[in-house]
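A short reminder: the numbers here are calculations on the coordinates, not readings from a lab. Remember, predicted model here, so these are calculated numbers, not experimental data. Note: ideal-geometry Cβ built from the backbone for every residue, glycine included; neighbour counts use all protein chains shown.
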């Protein structure tokens, strides 16, 4: 954090403080009128005397982290950082799938209600990722440039902004709950289930959004293990509470909603605790700096995330409306497929999240060749993994869908066809995901926003509007696959010029 001169100043400050406080202590300890004052003063002086040593310790930890991020072999470094992020993503996706599985045991309307509510959860997540990625990208670049003061202010600013926005979402959502559920595509039979589930989920909006900020900030600092602990604890609790509240306490879909809310509160508390560990930047209200410069950086770094997640919400709404024409079973089947593909993609997203801090640190340090190397390493691993999953999933598509809604042939038939369509283009998503992460981390906002809007916006929305008109239900089932193919073709010209410019380093001094 400091150079040699600053280190000497810390040492001199420590010696000076020791002399002052020892002399003050000798004077007041001789006086019988100041025993209580001296006792309190001793505690204060002890803390103040130790401050330079603690500061020096934090300085060394930051230097060690910088050295690791800029010198360790790239594949080894990415794998080290990716393991906890992959676990976090898989666990998160698994507990979303567990929600779908247990709710599927109630009835088809409950399964559809969870799918409909997912679009609102995507909006909450959009703001969490907006502030989390916006602040996290800035933090990783500043840590790479060894500007720690700015990084500390940005961490607190992103966290408190997300919490405040979450409160606004809760208030607005509860006031207009019924109109929102209808707008999202609820049929008269699904509406009461959607109101019950979504009304509870909205209570956790401030905690969900700010938890995502903490998670992403720790990840961008290269401390994903702490984020993994917070996410895993909440997910495990949710998986345990789901059957307990739904079946044992006979709460039905309300039990699934309260299980999710309780797990989010628990995850928020654990993440706050993890934020105090190791070399993580501490969240402190005194560092909250909602100035234009910081907010502008959040917009630059986070706008691709809010576009991506916001459009995902719009896409889910349009998918539910398009599928709703063919009945509740079509909505339930498409909802199941969405969660299956999200679970498979979570590996690549987690692996890419291991790449992001490497990208941010080394881009900030001017080590561009390491950024390029990391990108192509992740792309190769991701394509191979998704190709294997696609082959296996294509063969066993009906069995996979049936696991979520056994005994409902209409849901299984619709879901199996849609799953096979999406698996055909699934490996191409690796390049799309990594391109988005690269452009966002190195602060290329225009390219990043275009890339973020492509899959669920620029290509999916026209597909879901046009294809069902000509192909009926099959058009609904294949819309996402068409959007994925077009997104891949767009990613090539947006990303390769940047990668080609990274053939040489530019060391920043």
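Here the condition is being without any contact (Cβ under 8 Å) to a residue 60 or more places away in the chain, surrounded by 12 or more Cβ atoms within 10 Å (Cβ to Cβ) and touching a helix residue (DSSP H, G or I) at 6+ places or on another chain (Cβ under 8 Å); of 459, 502, 488, it holds for 459 alone.
List every residue pair whose Cβ atoms lie under 7 Å apart, where the two residues are 6 or more positions apart in sequence or sit on different chains, the first residue falls within the range 364-392 and is in contact (Cβ under 8 Å) with a residue 60 or more places away in the chain, and the second residue, located anywhere, is surrounded by fewer than 18 Cβ atoms within 10 Å (Cβ to Cβ) and in a helix (DSSP H, G or I). Close Cβ pairs satisfying both conditions: 365/70; 367/70; 372/499; 375/499; 377/75.
Within the range 306-320, none of the residues are more than 30 Å from residue 465 (Cβ to Cβ), surrounded by fewer than 22 Cβ atoms within 10 Å (Cβ to Cβ) and in contact (Cβ under 8 Å) with a residue 60 or more places away in the chain.
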